[in-house]
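As structure tokens, the structure follows; a few thoughts come after it.
The values are calculated or read from the model by the stated rules, or taken from the named source; none is laboratory data. Remember, predicted model here, so these are calculated numbers, not experimental data. Heads up, the Cβs are rebuilt from the backbone with ideal geometry, glycines too, and the neighbour counts pull from every protein chain shown.
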Amino acid sequence: MKKRSRGPEKLETYSQRAFFDRPNRPPLVNESWTKNAKGEIVEYGLAYIDFSIYAGDNGRVLGYDNAHGYHERHFMGNAEPIAFTTYAEQFERFISEVRQLRRKR
């Protein structure tokens, strides 16, 4: 596990929620990230929330983040460290898994 370094000052923060079925109610996808002065994403969080699939962990069925200084994948209450290449690749992996989970509903 490689910890991220506390590099240059954070400059830009982004956060968005996308609701699937009903406005302002789960299931939803939440994406947030923070960029540094170089334009690199230094903090991120991706979460798929659906209480009808999993009620624990505040409804987080699937998530990816680096909130604890290393990259990890959350799935129905369990967390495991993961290899990380780029945020774009991580985001695509996350969306692919969300699509698979939604097909199973």
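So the values come out like this:
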item: Among the candidates Ala67, Ala55, residue that is of a type outside the set (Ser, Thr, Tyr) and within 24 Å of Thr13 (Cβ to Cβ); result: Ala67
item: Which numbered condition Val61 fails, given (1) in a strand (DSSP E or B); (2) at pLDDT below 95; result: (2)
item: Search result, residues across the range 76-105 that are assigned to a helix (DSSP H, G or I), more than 10 Å from the chain's Cα centre (by Cα) and not hydroxyl-bearing (Ser, Thr, Tyr); result: Ala88, Glu89, Glu92, Arg93, Glu97, Val98, Arg99, Gln100, Leu101, Arg102, Arg103
item: Lone qualifier among Thr34, Thr86 - being surrounded by fewer than 19 Cβ atoms within 10 Å (Cβ to Cβ), among the β-branched types (Val, Ile, Thr), without any contact (Cβ under 8 Å) to a residue 12 or more places away in the chain and within 19 Å of Ser15 (Cα to Cα); result: Thr86
item: Residue pairs meeting the criteria (Cβ under 6 Å; at least 6 apart or on separate chains; first closer than 12 Å to Leu46 by Cβ, in the range 90-105; second aliphatic (A, V, I, L, M) and assigned to a helix (DSSP H, G or I)); result: none
item: Contacts under 6 angstrom Cβ, first residue in the range 37-64 being without any contact (Cβ under 8 Å) to a residue 24 or more places away in the chain and farther than 14 Å from Leu101 by Cα, partner of a type in the set (D, E, K, R) and assigned to a strand (DSSP E or B), 6 or more apart; result: Gly45/Asp65
item: Qualifying positions in the range 1-36 - small (Gly, Ala, Ser) and at pLDDT below 90; result: Ser5, Gly7, Ser15, Ala18
item: The range 65-74, residues that are among the small types (Gly, Ala, Ser) and without any contact (Cβ under 8 Å) to a residue 40 or more places away in the chain; result: Ala67
item: Candidate set: the range 37-75, residues that are under 27 Å from Arg22 (Cβ atoms) and exposed (fewer than 14 other Cβ atoms within 10 Å of the Cβ); chosen: the one nearest to the chain's Cα centre (by Cα); result: Asn58
item: Of the criteria (1) small (Gly, Ala, Ser); (2) in contact with a helix residue (DSSP H, G or I) (Cβ under 7 Å, 6 or more places away or on another chain); (3) in contact (Cβ under 8 Å) with a residue 24 or more places away in the chain, which one Gly77 fails; result: (3)
